[in-house]
Amino acid sequence: MNDTGNPPLIETKNLVKHFGDKIAVNNVSFEVYEGEIFGFLGPNGAGKTTTIKMIVGLLQPTSGTVKVAGYDVQTQPLLAKASNGYVPDTPNLYPKLSGRELLRFVGDLYELDHQRVERRIDELLNLFDLDQAGDDPIDSYSHGMQQKTALAAALMHDPRVLVLDEPTVGLDPRSARMIKDMLRQMANRGAAVFLSTHILEIAERMCDRIGIIDKGELIAVGTMAELRSLGKGETSLEDIFLSLTGGAEYAEIAEVLR
Amino acid sequence: MTDAFLADAQSVGNLWHYVGKLLRLRWVIFYSGFRRAKLRGKIGTIVLGLLVLGGLAFAFTLSFLLLRLLRSPGLEQFIGDTGLLLAGVPVLIVSAAFVGILLTSFGVLLQALYLAGDMDFLLSAPVPLRAIFIAKLLQAILPNFSLILLFGLPVLYGLGASEGYNVLYYPLVLLVLALLALAAAGLASLLVMAVVRVFPARRVAEVLGFLVAILSFTCSQSGQFVRFSNISNDQATRAFTLLNHLNSPWSPLAWSGRSLVDIGEGRWLSGIGLLLLTLVLTGGVFALSLATAERLYYSGWARVQVSTRKKRAIHTRRPVAAQDRELTAAVNRAIPSALRAIVVKDFLMLRRDIRNMSQLVTPIIMGIVYALLLIRSGGQPPAGRGEAPPAVMELMKNLMVYGNVGISLFVSWLLLSRLAMMGFSQEGKNYWLLKTAPVSTATLLSAKYLVAYLPTLVLSWGFLVAISLVQRASLGTLAFSLVVVALTIAGTAGLNLTFGVVGANFDWEDPRRISQGSAGCLSALASMVFLVISLGLFFGPAVLIKSLGGSEAFSQLIGLALGGAASLACAFIPLWLVRRRVSRLGEA
């Protein structure tokens, strides 16, 4: 439980992932609570996507546990996955299915009632402005349309936990804004939203709490105020991030080049 | 960037310098790929090189034999005057080279200009557009031109030597072939742009791949029906006359070949005249095609597709009748929706991705060819030299009753090596959708099993029933054969799917390259061994007991019990053994 009495919907404990000799994720522990938007930041190759893949059941941890909606992803995978919605960084979707067929497929995978599936498809296609393209094959969609289709697929079963890896990449400003509003609405309705992003402005404005991972280790977790107290007087998330992950020297190099 | 650099980059004099740079880049990519390849890949490339050298030796031998045949008195008796035929050889080869390069360059240029993804990078670099196009055209021509030289040059040079042609003939052969290749590639580039204007490039590549695969496979299999020993003098003469038609004085393709023969034989005036005509025509076609292609590509004409597809009307859902609703509800209750969803999705993907179709149509063509051969044999075993004991011939005859089962199972074996073996791999990079969904291993395996089993069963039964009807097989034999086929396919599907789990590969772009590693070979071997054993168990008792005069029905029952047990064991046990691997798939 957190301070407001909400239970954690995502809970990782001492999560470790090795790829051969390489340690991708090392002893990562955090919780994401009901009604919370949690931003997950880190430099390229820091272990963000690996952590996300372990949360959604795409990768088996080397050690440690992940619980989603109270279910252990390793021992109760079906229950954990039924609570999850996932949007990957690259929206690989079956190219020869239409958007509508893909959503129907996902609805059936989650064992939703047929009538609910059809109603939900219409709602989501309309919401994401895909109703005109709903019957076209996905391989004719632009990157942004595929990203929106992936998001619609993740929302089909109205998940309690939504995990998004770089959700706004490739989206036009209108769609990006719509997604940000929707994530906030979901959190207000009691879902836990976990998102990784490189756009620090989004993290700063949207997220209730932020976790920063570097070289596989979680180096900071907290609200913006808590993160500011960790730094050396920095006020913006960008400065805090660079200070914590050792990127501040690049600003000095840029200054010299100027 | 300085003005001097820009002027230098755009000058015609430096065009070939940039072409050289771009071709060197291709070489560096190839060499770097070879250097970094695994040992197995390096050995494969070296073996391929040796095979090409072997092909060269074969081509020389073949041309030697061909020329000896053309000069033989026997052939003269068979088709009449061979002089005309010999004079037509250069025309034939040059025409074949032109058409061959035109067709093959189409596919290579489609890939190089629209699908390779490096055009934007090259166009944004300070490299003349013309140099990029010339490099792309050369890239398209070179492999096919080498092949044409490999097979055409020995014949053309052999002809020159045997007919005592002038020494100028030899370098001119190379020049003419090169010019024709360039003209063909130029025309191919225009053709690519015209097609891409109407259809999406990726779709064109898919259809082209399908057509080429089916055409080449059909051509290779049609040889089964040809009986060369039955070709008559008349048919041979007609075939050679048809070849002579290519050598028409009005055909521009014939001019190049005729110019070579005329120069070779010392008819300078006509030879040089025709050669000049060839040079002007091919050079003109190449230059015009190049300039037009560049302009069309750069202006975006070829990128803006003219939609030929009508926008689909939005379907309004018709009210579902109460009876239909009950039926749907019953189906929904009987089959879990996740299983149904995966099966439906896989069928849609298989049907819509035309790149899959060539792999799926191949077994059908093979089945039709062998079924026709079986029907043509009249169901009788080959007599050979007639020395086999009557008992063996009787046994063979009894076995031939089940020849239709053999063909049906051969078709199913081919089909299952695609549908079951690649059942998981075909998910490719989309596998995350299944892996993150609450779908149990049992459901996933069942769905993939059904996707492989059901169409194979339908197709194999179709073949079996069709052949049995033509052969007028008894109802009892047909019923027995149907059960045998259903059970054997169940076992083969189980084995193939097991190897498909073990060797699953999700990292591919083109479905024709799904299969990777040794799992595919092992799967084919294991399922073939299983087929032989299960057929022995199914038909052994039936054939033996019938030969000894026993009851056919009883022998078939014993066969069904033995073969059925083996098939069901292979359908379930291997999958049960690899069930734990399924939950870890895609984690490499």
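The values are calculated or read from the model by the stated rules, or taken from the named source; none is laboratory data. What you see is a predicted model; the values in this text were computed from it and never measured. Here the Cβ is made from the backbone with ideal geometry for all residues, glycine too, and neighbour counts use every protein chain on show. To get the accessible areas, we keep the full protein, side chains included, count just its heavy atoms, and leave off ligands, DNA and RNA. Shrake-Rupley method; radii C 1.70, N 1.55, O 1.52, S 1.80 Å.
Among all residues of the stretch B:360-374, there is at least one that is closer than 30 Å to residue A:106 by Cβ, at pLDDT below 85, surrounded by fewer than 19 Cβ atoms within 10 Å (Cβ to Cβ) and more than 14 Å from chain A (Cβ to nearest Cβ). Just to be sure before I move on: is residue A:97 hydrophobic (A, V, I, L, M, F, W, C), open to solvent by less than 20 Å² (accessible area, probe 1.4 Å) and facing chain B (nearest Cβ under 10 Å) in the structure I sent? Judged against the criteria, residue A:97 is a match.
For residues that are more than 21 Å from residue B:136 (Cα to Cα) and modelled with pLDDT of 85 or more, tally how many sit in the stretch B:1-34.
0
Residues of the stretch B:421-438 that are part of a loop (DSSP other than H, G, I, E, B), open to solvent by 20 Å² or more (accessible area, probe 1.4 Å) and under 14 Å from residue B:583 (Cα atoms): B:438 alone. Look at residue A:108 and say whether it is among the acidic types (Asp, Glu) and either in contact with a helix residue (DSSP H, G or I) (Cβ under 7 Å, 6 or more places away or on another chain) or within 14 Å of chain B (Cβ to nearest Cβ) (or both). In short, yes. Residue pairs whose Cβ atoms lie under 8 Å apart, sitting 6 or more positions apart in sequence or on different chains, and linking a residue in the stretch B:152-169 that is in a loop (DSSP other than H, G, I, E, B) to a partner that is surrounded by fewer than 20 Cβ atoms within 10 Å (Cβ to Cβ), are B:165/B:265; B:166/B:265; B:166/B:266. When residue A:79 is tested against (1) open to solvent by 60 Å² or more (accessible area, probe 1.4 Å); (2) under 14 Å from residue A:211 (Cα atoms), exactly one condition is not met: (2).
Has the stretch A:83-91 got any residue that is surrounded by 18 or more Cβ atoms within 10 Å (Cβ to Cβ), within 11 Å of chain B (Cβ to nearest Cβ), under 30 Å from residue A:132 (Cβ atoms) and of a type in the set (Gly, Ala, Ser)? Yes, the conditions are met somewhere in the stretch A:83-91. Pairing each residue of the stretch B:127-147 that is among the hydroxyl-bearing types (Ser, Thr, Tyr) with any residue that is open to solvent by 40 Å² or more (accessible area, probe 1.4 Å), provided the two are 6+ apart or on different chains, yields C-beta distances under 9 Å for B:146/B:52. When residues in the stretch A:203-220 are screened for being among the β-branched types (Val, Ile, Thr) and in contact with a Lys or Arg (Cβ under 7 Å, 6 or more places away or on another chain), 1 of them pass.
Inside the stretch A:51-75, residues that are more than 9 Å from chain B (Cβ to nearest Cβ) and crowded, with 16+ Cβ neighbours inside 10 Å make up a count of 14. Scanning the stretch B:109-148 for residues that are among the charged types (D, E, K, R) and open to solvent by 60 Å² or more (accessible area, probe 1.4 Å) gives B:120, B:130. Within the stretch A:30-46, restricting attention to residues that are open to solvent by 10 Å² or more (accessible area, probe 1.4 Å) and within 21 Å of residue A:16 (Cβ to Cβ), the residue that is farthest from the other protein chains (Cβ to nearest Cβ) is A:43. Restricting the stretch B:326-354 to residues that are at pLDDT below 90 and more than 10 Å from chain A (Cβ to nearest Cβ), the residue that is most open to solvent (accessible area, probe 1.4 Å) is B:333.
Here residue A:210 meets the list (1) within 26 Å of residue B:430 (Cβ to Cβ); (2) more than 14 Å from chain B (Cβ to nearest Cβ) almost entirely, failing just condition (1).
Regarding the stretch A:102-122, can at least one residue be identified that is β-branched (Val, Ile, Thr) and modelled with pLDDT under 90?
No: zero hits.
Restricted to helices (runs of 4 or more DSSP H) entirely inside the stretch B:488-588, those with at least 1 residues that are in contact (Cβ under 8 Å) with a residue 12 or more places away in the chain, within 14 Å of another protein chain (Cβ to nearest Cβ) and touching a helix residue (DSSP H, G or I) at 6+ places or on another chain (Cβ under 8 Å) are B:579-582. Can we say residue B:479 is within 27 Å of the chain's Cα centre (by Cα) and either over 11 Å from residue B:464 (Cβ atoms) or assigned to a helix (DSSP H, G or I) (or both)? Against the criterion (within 27 Å of the chain's Cα centre (by Cα) and either over 11 Å from residue B:464 (Cβ atoms) or assigned to a helix (DSSP H, G or I) (or both)), residue B:479 does not qualify.
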